[in-house]
Amino acid sequence: MIIQMKKNSTKKEYEKIVEYLKAKKLEIKDASTDEVRVFGIIGDTSSIDPTDLYAFDGVKEVTRVSTPFKKASRSFKKKDTIVKLKNGIEIGGDRFIVMAGPCSIESEEQLRIIAKSVKKSGAHLLRGGAYKPRTSPYAFQGLEVEGLKILRKIGDETGLAVVTEIPSPDLIPLFEEYVDIIQVGARNMQNFHLLKALGKCNTPILLKRGLSATIEEWLMSAEYIMAGGNENVILCERGIRTYEKYTRNTLDISAVLAVQELSHLPVIIDPSHAAGRWNMIEKLSLASLAVGASGLIVEVHHDPEHALSDGAQSLKLNKFTHMMEELEKISDVLGKKIK
Ligand code: PEP
Ligand code: MN
């Protein structure tokens with residue numbers, strides 16, 4: 001972090017801020033000239049919010065030179081993190097993992113039909129919402145515990161690992177019992193109370209990017225989980241809110257590259273919530289593979305017209321099969337293993 005003082009700042013003002021930083025066990029490296037008083041802060045600056053330093057008289061500009069996240073940072077760990085699931089599936093590295101299933105678990109029968117089909121087409125994990133964070137309180141809210149039990153049952157029947165969204169910290173023990181990956185939804189990305197609690201559990205976490213979150217805010221949320229001791233975090237870009245209304249959200253595909261520069265954590269793409277339209281999913285999935293994402297989470301339904309949520313963005317079973325075939329065709333060329 002570099003601090004530049006105002007031209008008319010006094011020695012006393014400078015000393016006051018230096019004293020404050022030294023009390024935080026930070027070292028000061030003075031680089032002032034006759035013209036300008038400027039100094040660097042050396043040490044772990046993650047406990048300082050640069051904007052707080054403007055509270056000191058005489059401060060002109062504070063510039064961060066390192067990231068505010070540590071454990072999630074590429075400079076902390078150079079090698080890509082590979083998240084290993086209990087059943088041996090690895091997420092990260094040269095693998096391309098596909099998580100597929102309905103937006104909401106509606107019944108055992110519904111999930112069985114979809115799971116059997118996506119498994120046959122090559123999906124690695126089964127997704128399905130049991131607790132649904134809906135914009136309207138009158139919309140279908142999910143089957144809750146019953147949904148979790150169905151998810152586990154069908155996952156075991158078909159040999160698919162399972163992923164589903166957690167709404168609150170009190171449900172962590174239940175989720176640890178029933179699921180292989182706990183999903184943090186976009187709306188909960190900055191629910192720090194939830195993130196802290198997830199840091200204490202052992203199940204891998206799929207952390208979706210918040211609707212309007214910057215990449216730095218998203219990585220800070222990963223840091224919350226990792227700081228608690230759970231380093232098995234998978235990031236998920238699911239589209240962000242922009243002025244564009246044609247699609248449900250705007251898929252920020254460059255976020256994958258940004259995350260890979262800044263962090264060692266695997267990052268996957270959710271084209272369904274990004275586009276909001278089923279006819280765009282296949283091409284966006286191919287783009288996700290091409291950009292180097294570690295996989296996808298995609299909504300699939302056997303009867304989207306009658307789905308209880310997100311039917312418009314759900315692929316029919318045969319369309320999902322086709323998408324998997326297309327992904328397989330190009331995965332080798334792109335150096336990714338999908339099988
Ligand atoms: C979902 O995966 O069904 C979901 C609600 O996603 P998001 O949190 O990205 O909106
Ligand atoms: Mn959905």
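The values are calculated or read from the model by the stated rules, or taken from the named source; none is laboratory data. Quick caveat: nothing in here was measured; it's all calculated off a predicted structure. Cβ placement follows ideal geometry from the backbone for every residue including glycine, while neighbour counts extend to all protein chains displayed.
The set of residues from the stretch 187-225 being of a type in the set (A, V, I, L, M, F, W, C), touching a helix residue (DSSP H, G or I) at 6+ places or on another chain (Cβ under 7 Å) and either farther than 21 Å from Ile269 by Cβ or more than 16 Å from ligand 2 (Cβ to nearest atom) (or both) comprises Phe192, Leu194, Leu195, Ala197, Leu198, Cys201, Ile205, Leu207, Ile215, Leu219, Ile225. Among the residues of the stretch 311-329, the one identified as in contact with a helix residue (DSSP H, G or I) (Cβ under 7 Å, 6 or more places away or on another chain) and either outside the structural domain of Gly101 (by TED's automatic domain parsing) or of a type in the set (Asp, Glu) (or both) is Glu326. Sub-6 Å Cβ pairs linking a first residue in the stretch 89-106 that is free of Cβ contacts under 8 Å to residues at least 12 places away in the same chain to a second residue that is hydrophobic (A, V, I, L, M, F, W, C), at least 6 apart or interchain, are Glu90/Ile82, ordered by first then second residue. I'm trying to understand the selection: among the residues of the stretch 76-107, which are outside any loop (DSSP other than H, G, I, E, B) and surrounded by fewer than 23 Cβ atoms within 10 Å (Cβ to Cβ)? Those that are outside any loop (DSSP other than H, G, I, E, B) and surrounded by fewer than 23 Cβ atoms within 10 Å (Cβ to Cβ): Val83, Lys84, Glu90, Arg95. Do we have any residue at all in the stretch 237-248 that's surrounded by 22 or more Cβ atoms within 10 Å (Cβ to Cβ) and part of a strand (DSSP E or B)? For the stretch 237-248, residues surrounded by 22 or more Cβ atoms within 10 Å (Cβ to Cβ) and part of a strand (DSSP E or B): present.
Taken over the stretch 260-275, the criterion of being surrounded by 24 or more Cβ atoms within 10 Å (Cβ to Cβ), of a type outside the set (A, V, I, L, M) and more than 16 Å from ligand 2 (Cβ to nearest atom) is satisfied by Ser263, Pro266.
When residues in the stretch 249-298 are screened for being part of a helix (DSSP H, G or I) and of a type in the set (S, T, N, Q), 6 of them pass. If only residues of the stretch 312-324 that are in contact (Cβ under 8 Å) with a residue 24 or more places away in the chain and not hydrophobic (A, V, I, L, M, F, W, C) are counted, the one that is surrounded by the fewest Cβ atoms within 10 Å (Cβ to Cβ) is His322.
Residue-wise test of (1) touching a residue at least 12 places away in the same chain (Cβ under 8 Å); (2) under 20 Å from the mean Cα position of the chain (by Cα); (3) within 20 Å of Gly185 (Cα to Cα).
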site	(1), (2), (3)
Arg277	yes, no, yes
Gly292	yes, yes, no
Glu326	yes, no, no
Gly335	yes, no, no
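Each residue in the stretch 123-167 was checked for being more than 16 Å from ligand 1 (Cβ to nearest atom) and out of contact with any Leu (no Cβ under 8 Å at 6 or more places or on another chain), and 8 pass. In the stretch 50-59, the count of residues that are of a type in the set (Asp, Glu) and out of contact with any strand residue (DSSP E or B) (no Cβ under 7 Å at 6 or more places or on another chain) is one or more.
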